[in-house]
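Okay, structure first, notes after.
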């Protein structure tokens, strides 16, 4: 393994890309500690301790703790992700955007430009909501989180947070272009991983004080490794549908019969279903923090992580969004037409409608298996850790993102090493990324 890391620095281009990505991530982490002016940090920190298990807690996890401190990067990259998902869904619904997506590189650049505009709009809306919400928050002694509320504070907060998100978006695009791996994914990865040292420190502190047993800590550690291994195994899993291409003549050239395959991933939807499901199911708990009405707060508590009602709805939403997102992003009819257009066919299946029906049946079964897998990864850790009362949140969504991004990045590094005849990280093992 040490030799493999040494090989990275023997390739000038790869070395430059890795160091560039690390440098950009360092800039991002520095920005996560620059506070937004006009905030009482201690009062805000107390409020966020009560917001665990809500949308605020989830967004704070993705921002690497920046939202809890309300730094210039408090919004994180979530507005960009939301904008990207919106335009991806609009590609199926709006004909003009669908036409753009089929225009090649020029169309893709146009959609990216619209995504950037959407990111700014969402950032302004979210920053305005945060600014107004902060003015009504109070600390443990009743002190205001915003000592000097008003339009001056609101406008300054909106401009600061929007500029922070725009800068993170630029960082991610620069990392994707000049660095290694997907820049946006690496930024989310850095935010999640940055909380690990604090979690380890708090676990050791509780272990020394006797509030956490050694058996419980070892059991959860073993569970974490088992879940990570399961995620790696399933994320690499594919159903390869065989496709045969008959002998064909194109111009003066004759192409012989070929055999290929169509790879269908077990988890086609990725991490989108748990993110959407978490956002919807945590919304009542978030509202409950701002409304001091007994029945509203009781309903919010019943929809907090670890509760039976929460987990039941969580699984239902995950299954729904797995099927919904897969149906949006993968069209069996289009795939069947493309295979037929290039002279291909699935053995034993007629080209055209029968092929699309066959792909739809295979995809339905895979999506069911993938939805059960995501549900188990997301629900079981939160239930077990809720029982052991650990000082950190070991969530399935964060785990899926971290493992997936790690696999993608290692896969790209492997490609650079192998193409230049260097040994990769895993001898004799071919690493497949999530894509």
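Each reported figure results from applying straightforward, stated rules to the coordinates on display, with no laboratory input. Keep in mind it's a predicted model, so treat the numbers as computed, not measured. A quick note on method: Cβ atoms are made from the backbone with ideal geometry, for glycine too, and the neighbour counts reach across all protein chains shown.
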Item to check | Estimated FRET transfer efficiency (residue 30, residue 159; beta-carbon r; R0 25 Å; 0.05) | outcome: 0.80
Checklist entry - What length, rounded to one decimal in nm, is gained on full extension from residue 20 through to residue 376, with 0.36 nm per residue of separation minus their alpha-carbon distance? => result 124.5 nm
Item to check | Alpha carbon centroid spacing (whole Å) that separates the range 152-226 from the range 320-383 | outcome: 33 Å
Next on the checklist: Testing the spin-label approximation: label points 7 Å from Cα along Cα→Cβ at residue 98 and residue 258. State their distance in nm.
Outcome noted: 2.9 nm
Item to check | Net length gained if the chain between residue 136 and residue 217 were fully extended (0.36 nm per residue, minus Cα distance) | outcome: 25.3 nm
Checklist entry - Let a ≥ b ≥ c be the square roots of the eigenvalues of the Cα gyration tensor of the range 106-212; is it rounded (a/c under 1.5), or, if not, prolate (a/b larger than b/c) or oblate? => result oblate
Checklist entry - Is the range 168-252 rounded, prolate or oblate when judged by the Cα gyration tensor, a ≥ b ≥ c being the square roots of its eigenvalues, rounded requiring a/c under 1.5 and prolate requiring a/b larger than b/c? => result oblate
Next on the checklist: Given R₀ = 41 Å, what would the calculated FRET efficiency be for residue 365 paired with residue 109, taking r from the Cβ atoms and rounding to 0.05?
Outcome noted: 0.65
Item to check | Principal axis dimensions, largest first and in whole angstrom, of the range 69-149 by Cα | outcome: 58, 22, 17
